[in-house]
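K.L.:
Starting off with a structure, shown below.
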Amino acid sequence: MLMVYLRSLVRDEAAIDDLFQETMVVVWRRLDECDLDGPFGPWVRGIASRLVLAHYRKQKAAPMLLSESVLQVVDRHFENINLLAGDTWDDKVAALRECIDALPERQKSVIGSRYFDGLSAAEVAERFELSLEACKKRLQRGRAMLAECLKTKGVLAALESTS
Amino acid sequence: MNDRTDDLLSDWLDDAEENPESKSDVPASEASEAVAQSLLIHGLLADIGRRDDVAESERIQAVMQRIDAEVSAESGDVALKHVPHRRRRFAILTSALTIAAAVMLMFVAFGPHQSVSAAMASLDKVVEAAAKRLDRTYKVRVVDEYPRDKRPQKLSQQAWDREAPEEIDGATIHVRGADQYVMTVMLKTGMTRTSGCDGKVSWSFREDGQVHVSEDLNRFRGAVPGSQQDMPLLNIHANLSQLKIGYDIELADDQETGTDGTLLSRLTCIRKSNEVRGPKQVEVWFDAEDGTVHKMLLDGLPRGRGGPKSVMLELVDQPDLPSDFFTHDAHHEPGKRIRYEDGRR
């Protein structure tokens, strides 16, 4: 789950690797400070989020949208998903694959190319002969549709009730 | 979500350069929920698309190695005062990492979740016990030799002709914690060779030769059975992930009683493929209470080194050795010539 969390906040895969490692090492160093009777996930994500912000500060390019309030909501999403039925993280978010399959072809093709074929938005645009702006809008629309679909499947509905 | 926020998100997630700073004055709090949902969906998709079991395993291994390095750096008298404290901390973290590793690898590498969790938890217990700065003495017994009547097709003539210079059967290994050991073997010349590591330097000498000393702690481990196969008797933390990644691990349902009356549990680790270095099978009998390894069978050792097919390491004593026992000075007469391989003196 920590990797999904980091991948939600950072795009650079090498930086994600570093942040994962750094988070776990900080967890190790500070484990004495953790309330082991409480949930472990939020504490680990708290450490991870501070490291993510430090990472952006070092780059001097903190994303404007990555505010404290956004981080709090992201964290609540993760904690609520964690409470869903299922033994593993994959079980808990199995509905996502159904939602991807249910996407209209226009969105499914760009989402598939962007995330599963590992193409950049520019390459996806070239593949489907779209302008970059149109491609980005289609990707963003696809993500919004997936969020809506996950609400109908009950995955995000639980999130809204607590946010 | 308004258009400007939507555009900012789109730029952030899909532009060629990560995190282009926007001059927009859109307040982030305006659409926290929508932004958070988009980020979550992006993270989920990116994770599905980029997930790579090998990379995940390497990531866990890298963490374990960094922690191992920190533990090693802190070992010593001062750290010793905090052993119970740190041991608990390590146990909790390894549990957390084990959960992460088990979740990542479970359907790819292992069987049913329940049995994997139990096996992993047991392996962690073994690792934790081996990291204790307590002294253990193991005896090596050759269980089986490779037949010498016919060269297997896959084995080169050079490897077939190679003969191990030492007689490993009957060798003694003294171990303290994760990084200190002393091992004495009988050479086929009739002389003995003693090698070891005190956690700062490794060393080796023949009865009739000079003492070789190196800052590379693995420099003289080649003769330790299992060490060349990345087995977790020595340097146990660093090799934990290797065992988890390359082997299917099962915890036996039944327990047996050791010769000293200790109740022993058994882990069976079977190599997943020929691409994994190490013995085909490793069996570990450990104290069900505290995780101390009592017996360890390494079966199907690589035969290219000219050694046996399988060896058993058996715990024969848990002595209280002198503090300097793992230094080379404690094992040879004063004045023996010393050769520092790293050029230091």
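K.L.:
Could you check A:Asn82 against (1) facing chain B (nearest Cβ under 10 Å); (2) in contact (Cβ under 8 Å) with a residue 24 or more places away in the chain; (3) not in a loop (DSSP other than H, G, I, E, B) and say which number it fails?
P.N.:
Tallying (1) facing chain B (nearest Cβ under 10 Å); (2) in contact (Cβ under 8 Å) with a residue 24 or more places away in the chain; (3) not in a loop (DSSP other than H, G, I, E, B), A:Asn82 fails exactly one: (1).
K.L.:
Can we say B:Val54 is at pLDDT below 75, more than 8 Å from chain A (Cβ to nearest Cβ) and under 17 Å from B:Ala178 (Cβ atoms)?
P.N.:
no
K.L.:
If I ask for residues that are in a helix (DSSP H, G or I), under 16 Å from the mean Cα position of the chain (by Cα) and acidic (Asp, Glu), which ones from region A:1-47 would you list?
P.N.:
A:Glu13, A:Asp17 - these are the residues of region A:1-47 that are in a helix (DSSP H, G or I), under 16 Å from the mean Cα position of the chain (by Cα) and acidic (Asp, Glu).
K.L.:
Taking only pairs six or more apart or across chains, which ones have beta-carbon atoms under 6 Å, a first residue in region A:101-120 that is within 12 Å of chain B (Cβ to nearest Cβ), and a second residue that is assigned to a loop (DSSP other than H, G, I, E, B)?
P.N.:
From residues that are within 12 Å of chain B (Cβ to nearest Cβ), the pairs are A:Ser113/A:Leu119.
K.L.:
Next question. I'm told A:Cys34 meets every condition in (1) facing chain B (nearest Cβ under 9 Å); (2) closer than 30 Å to A:Ala94 by Cα except one. Can you identify the failing condition by its number?
P.N.:
The single condition A:Cys34 does not satisfy is (2).
K.L.:
Here is a follow-up. Examine region A:72-79 for a residue that is in a loop (DSSP other than H, G, I, E, B) and polar (S, T, N, Q), and state whether such a residue exists.
P.N.:
No, because not a single residue in region A:72-79 is in a loop (DSSP other than H, G, I, E, B) and polar (S, T, N, Q).
K.L.:
With respect to A:Leu103, determine if the residue is surrounded by fewer than 16 Cβ atoms within 10 Å (Cβ to Cβ) and among the hydrophobic types (A, V, I, L, M, F, W, C).
P.N.:
no
K.L.:
So, one more: Just checking, does region A:48-55 include any residue being more than 7 Å from every other protein chain (Cβ to nearest Cβ), in a helix (DSSP H, G or I), at pLDDT 85 or above and over 29 Å from B:Asp15 (Cα atoms)?
P.N.:
No.
K.L.:
Looking only at region B:290-345, how many residues end up being over 22 Å from B:Asp216 (Cα atoms), among the charged types (D, E, K, R), modelled with pLDDT under 85 and assigned to a loop (DSSP other than H, G, I, E, B)?
P.N.:
The number of residues fulfilling the criteria is 1.
K.L.:
Still on this structure, please answer the following. Consider A:Lys58 against the criteria (1) of a type in the set (D, E, K, R); (2) within 11 Å of chain B (Cβ to nearest Cβ); (3) surrounded by fewer than 16 Cβ atoms within 10 Å (Cβ to Cβ): it satisfies all of them except one. Which criterion is unmet?
P.N.:
(2)
K.L.:
Which one of the conditions (1) in the same structural domain as B:Pro279 (by TED's automatic domain parsing); (2) assigned to a helix (DSSP H, G or I); (3) at pLDDT 60 or above; (4) of a type in the set (A, V, I, L, M, F, W, C) does B:Ala159 fail to meet, given that it meets all the rest?
P.N.:
(3) is the only condition that B:Ala159 fails.
The values are calculated or read from the model by the stated rules, or taken from the named source; none is laboratory data. The structure presented is a predicted model; accordingly, all values stated were derived computationally and were not measured. Here Cβ is always computed from backbone atoms with ideal geometry, including for glycine, and neighbour counts include all displayed protein chains.
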